[in-house]
Amino acid sequence: MGGLIYRNFYTNISSFRLSVIVSAICCASFVFYSFTIRSDAENQSYLLYIIAFLLYYFCFMLSGLTSTMVFQTDENKTASAFAISLPHGGKGHIQSKYWYLLIILLTTLFITFISDTISFLILGGKFSALLVLLLLFSGRLLMFAIEIPFMVRFGAMKGIKIKGIIVSVILLLVITYLMFGDISWLLYSDDPAKALINWLKNGDIIFALSLLPPFSIFAYWLSCKISVKLFREGAENYEQ
């Protein structure tokens, strides 16, 4: 298995390096911003949340783009036949890609966590984006769990289209809630960003969000099991 994981790194080393470099730049930018406002951190806490979310979201979003490249590189009958002939077979081939993507996400989480820790010290313990990091990590892991089986079964490009449909449905649900749900707490607030953050700090919301990490891990494990079963069916549709 170690050799297969190494092969994924070797094949996709450029995207891995780009992900690490961009994440480091984003994190360094947030640390620098924290340093510039350290004397006024308490009054700037809501702005810090917004900036932290945007920068850290970009880090995890870029890490997520590697999934397409990982599967697209082996999307042909020759590579599939070779994978099946290996000692670990198709199961090891798919599992190695899941491990590779998990390592990418954990690397991004580690870099952003170091950034958050440094900012926490600079700001005198007045701000931490740890909850944001856990949510972004869990959300990206859950997205992987949803999209990868489609990529394995139908190919990377079709998998992207299906993922687009899923994201569109989620956005439609959010828009529907914003149109017809009770959002008076947001509409009549002088500071919508502050109201949103206060809503997220609500006890019931925090409890619900705390369930996301274990749920996303379980979904990722289940997704791997499904992808292993779908691999042979998907390989039959690959081009020569």
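What follows is calculated from the coordinates using simple rules that are stated; it is not laboratory data. Just so it is clear, the model here is predicted, and its values are computed rather than measured. Glycine gets a Cβ as well: all are built from the backbone with ideal geometry, and neighbour counts include every protein chain shown.
A simple spin-label model places pseudo-atoms 7 Å from Cα toward Cβ; at I118 and V22 they are separated by 2.0 nm. Residues T112, T36, ranked from the fewest to the most other C-beta atoms within 10 Å, line up as T36, T112. Scalar couplings 3J(HN,Hα) for the range 91-108, obtained by applying the Karplus form with A = 6.51, B = -1.76, C = 1.60 to θ = phi - 60°, are 4, x, 4, 6, 4, 5, 6, 5, 5, 4, 5, 5, 5, 4, 5, 5, 5, 4 Hz; x denotes Gly and Pro. Ordering V22, V169 from the fewest to the most neighbouring beta carbons within 10 Å gives V169, V22. In a fully extended conformation the segment linking D40 and I217 would gain 59.9 nm over its present Cα-Cα distance, using 0.36 nm per residue. Taking label points 7 Å from Cα along the Cα-to-Cβ direction, Y6 and I103 give a separation of 1.0 nm. Here the residues R153, R17, ranked from fewest to most Cβ neighbours within 10 Å of their Cβ, fall in the order R17, R153.
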